[in-house]
Amino acid sequence: MIQLYHVYKSYLKGVHVLEDVSLTVSRGEFAFLVGPSGAGKTTLLKLLFSAESFTDGQVIVNNYNLANIRHKNIPYLRRSIGVVFQDFKLLNNRSVFDNVAITLEILGAGKNDIRRRVTKALKQVGLQYLEDKYPLELSGGEQQRVAIARAVVNNPSILLADEPTGNLDPDLSVEIMNILNDINAMGTTVLVATHDKYLLGKFEKRTIMINKGRVSEPI
Amino acid sequence: MNINQIIYFIKHSLSNIRHSLLVNFVTISTISIAILIFSSFVMIIFNLTNLVSKFEDDVHIVAYLNDDFVSGYENIKKNILKLNGVNRVRYRSKEQALAIFKSSLGKNDRFLDDIPHNPLPASFEIRLENDFKSKAKLKGIASALKTMRIFDDISFGQEWIEHFHNFLNILKVIGTAIGAGFLFAAVFIISNTIKLTIYARRDEIEILKLVGATDGFIKAPFLIEGIIQGFLGAIISIAALYVLYLMFLAKIQALSFVGINSTNMPFLPPKFLALVLLFSVLLGMVGSAMSLGEIIKG
Ligand SMILES: Nc1ncnc2c1ncn2[C@@H]1O[C@H](COP(=O)(O)OP(=O)(O)OP(=O)(O)O)[C@@H](O)[C@H]1O
Ligand SMILES: [Mg+2]
């Protein structure tokens, strides 16, 4: 559950990157966040897992009120949200398996538990056979899928994906979207930031438009 | 915190050390040197304190009898025993004094034959109760002896022990200052090593934060790295100290007359070694903790 009420965000004083943003994404919903480059998509996603603060308004995510969330609670908020970053953020000195395992290691999961769940997540994104490879040995689309596996391996209730199909050819994009769709089908709330118009036509989902920091929804 | 996390922490702190072996080598060497200097002072002061307390136990008064008194020793002895704080009194005649002196000369005692009469005085060796061994009390007893007007000279070994105490105190101050200087340097170097590790791991730290690791979880491997550095540093320095100690003993035992051996100059007892180890581990933790603030930022 994601709720924003009249949210403002500026990095520099007086320049609003987000301006009076109000929106709700319900539990189990799938939504696209669409807008041109620089519209504020990444910024909006970052607010949701408390990687950026906001200037004004209210943000509520999974029962956490982010306007006054305590520093020590931020890790617990983040454990309930899987994030696929625009730049993947994989560790190049760790194998695919170990990259995905990070999400479980921080919870203190046991070795067997980690093996079982990481294997399942890699299977879900179709990468099980690459688990011993290192990120730099993979294609962009494969790295993208490792990032997705890492985001979903602990069954978060929300999945945020920032341009998960950026730089991918149309076939691969559809494949990735199918994976996200499957994850949504299992009950996870999914919010995908993209400027890929092709996808919007192919997957008929709720679309939240964002332009120069202002959101609107086609009725 | 559960066992899996502890395994994770140890695994990662060891891998941190493995990934920057040279830096860790330099750090651990610095800790070793700092702890070696520190524990050398501890050992020297420990042994000298032992030594001085042995001498203190031995503190006694010797009263040299005027040569005019040739009889009545038993009476004098009784009178001395009556003094407050006197425990035992032993009379030593002129002849006994000469015999002791002769035997201390060994083969070189010939020249004594040329001396017409025995120059050594008879004396009373006065042993005291334990709480009468301070300077003030000794002086009190000595002045009481003086009023008997039968002694030419009254000596007690207190004076130089007092000097020795002063010397020990100076040594303690110097030891503390030098030790503290090196320990400060060690903390500084540890904290910089950890800073380097944190810098090398910044991508990993960022990702750990983003997937929901707590501050404690992120910091633990670095704290453990500091603890391992402190621990290894202490082990190395204690081993080095022991080698130095054995070498010193071997050298000084060759000079047999000094009479120092492993019994009267022991190595640091286990309790002290444990304290040095604990202290060094704390040093590693503090050095590491000083750098961990950087992790919280951002
Ligand atoms: N850390 C920052 N400091 C200052 N300005 C920033 C920062 N991050 C983003 N901005 C600015 O905020 C605006 C929105 O950026 P944001 O990254 O949210 O856009 P976006 O919609 O994700 O764009 P893209 O599609 O290119 O990823 C841009 O004008 C950008 O320059
Ligand atoms: Mg972006």
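The values are calculated or read from the model by the stated rules, or taken from the named source; none is laboratory data. Worth saying up front: this structure is predicted, and the values here are computed from it rather than measured. Counting neighbours? That spans all protein chains shown, and the Cβs are built from the backbone with ideal geometry, glycine included. Quick note on the areas: whole protein, heavy atoms, side chains included, nothing else; ligands and nucleic acids left out. Shrake-Rupley method; radii C 1.70, N 1.55, O 1.52, S 1.80 Å.
Within the set B:Tyr245, B:Tyr199, the sole residue that is more than 14 Å from chain A (Cβ to nearest Cβ), open to solvent by 20 Å² or more (accessible area, probe 1.4 Å), assigned to a helix (DSSP H, G or I) and out of contact with any strand residue (DSSP E or B) (no Cβ under 7 Å at 6 or more places or on another chain) turns out to be B:Tyr199. Note on region A:37-51: residues that are within 17 Å of B:Gly212 (Cα to Cα) and within 12 Å of ligand 2 (Cβ to nearest atom) total 2.
From the set of residues in region A:10-30 that are among the aliphatic types (A, V, I, L, M) and free of Cβ contacts under 8 Å to residues at least 12 places away in the same chain, which is farthest from A:Ala51 (Cα to Cα)? For region A:10-30, the residue satisfying everything is A:Val15.
Consider region A:159-196 and keep the residues that are within 16 Å of ligand 2 (Cβ to nearest atom) and without any contact (Cβ under 8 Å) to a residue 60 or more places away in the chain. The one that is most open to solvent (accessible area, probe 1.4 Å) is A:Asn167. Might you let me know whether region A:116-127 holds any residue that is within 21 Å of A:Ile183 (Cβ to Cβ), open to solvent by less than 40 Å² (accessible area, probe 1.4 Å), of a type in the set (Ser, Thr, Tyr) and free of Cβ contacts under 8 Å to residues at least 24 places away in the same chain? Within region A:116-127, one or more residues are within 21 Å of A:Ile183 (Cβ to Cβ), open to solvent by less than 40 Å² (accessible area, probe 1.4 Å), of a type in the set (Ser, Thr, Tyr) and free of Cβ contacts under 8 Å to residues at least 24 places away in the same chain.
Quick check on B:Asn24: is it farther than 22 Å from B:Arg127 by Cβ and either over 39 Å from the mean Cα position of the chain (by Cα) or touching a residue at least 60 places away in the same chain (Cβ under 8 Å) (or both)? Yes, satisfied.
B:Ile207: in a helix (DSSP H, G or I), modelled with pLDDT of 90 or more and at negative phi, yes or no?
Criteria met by B:Ile207.
Taken over region A:50-67, the residue count meeting the criterion of being closer than 22 Å to A:Gly82 by Cβ and within 14 Å of ligand 1 (Cβ to nearest atom) is 4. Determine, yes or no, whether A:Arg78 is more than 16 Å from ligand 2 (Cβ to nearest atom) and modelled with pLDDT of 95 or more. Criteria met by A:Arg78. A search for C-beta distances below 7 Å between a residue of region A:74-93 that is in contact (Cβ under 8 Å) with a residue 24 or more places away in the chain and open to solvent by 10 Å² or more (accessible area, probe 1.4 Å) and any residue that is among the charged types (D, E, K, R) and within 16 Å of ligand 2 (Cβ to nearest atom), counting only pairs 6+ apart in sequence or on different chains, returns A:Phe85/A:Asp162; A:Gln86/A:Asp162; A:Gln86/A:Glu163. The condition of being within 11 Å of chain B (Cβ to nearest Cβ), within 16 Å of ligand 1 (Cβ to nearest atom) and in contact with a helix residue (DSSP H, G or I) (Cβ under 8 Å, 6 or more places away or on another chain) holds for only one of A:Val100, A:Val153, A:Val83, that being A:Val83. Of all the listed residues (B:Ile235, B:Ile228), the sole one being without any contact (Cβ under 8 Å) to a residue 60 or more places away in the chain and either hydrophobic (A, V, I, L, M, F, W, C) or not in a helix (DSSP H, G or I) (or both) is B:Ile235. Evaluating A:Ala67 against the criteria (1) modelled with pLDDT under 95; (2) within 17 Å of the chain's Cα centre (by Cα); (3) more than 16 Å from ligand 2 (Cβ to nearest atom) leaves one unmet condition, (2).
Residue by residue, here is whether (1) of a type in the set (Asp, Glu); (2) surrounded by fewer than 12 Cβ atoms within 10 Å (Cβ to Cβ); (3) under 30 Å from B:Ser29 (Cβ atoms) holds:
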site	(1), (2), (3)
B:Leu128	no, no, no
B:Val173	no, yes, yes
B:Phe182	no, no, yes
B:Thr193	no, no, yes
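Scanning region A:22-56 for residues that are at positive phi and open to solvent by 20 Å² or more (accessible area, probe 1.4 Å) yields A:Gly28, A:Gly38, A:Ser50.
Among the residues that make up region A:94-107, is at least one of them within 16 Å of ligand 2 (Cβ to nearest atom), open to solvent by 30 Å² or more (accessible area, probe 1.4 Å) and modelled with pLDDT under 95? No: region A:94-107 contains no residue that is within 16 Å of ligand 2 (Cβ to nearest atom), open to solvent by 30 Å² or more (accessible area, probe 1.4 Å) and modelled with pLDDT under 95.
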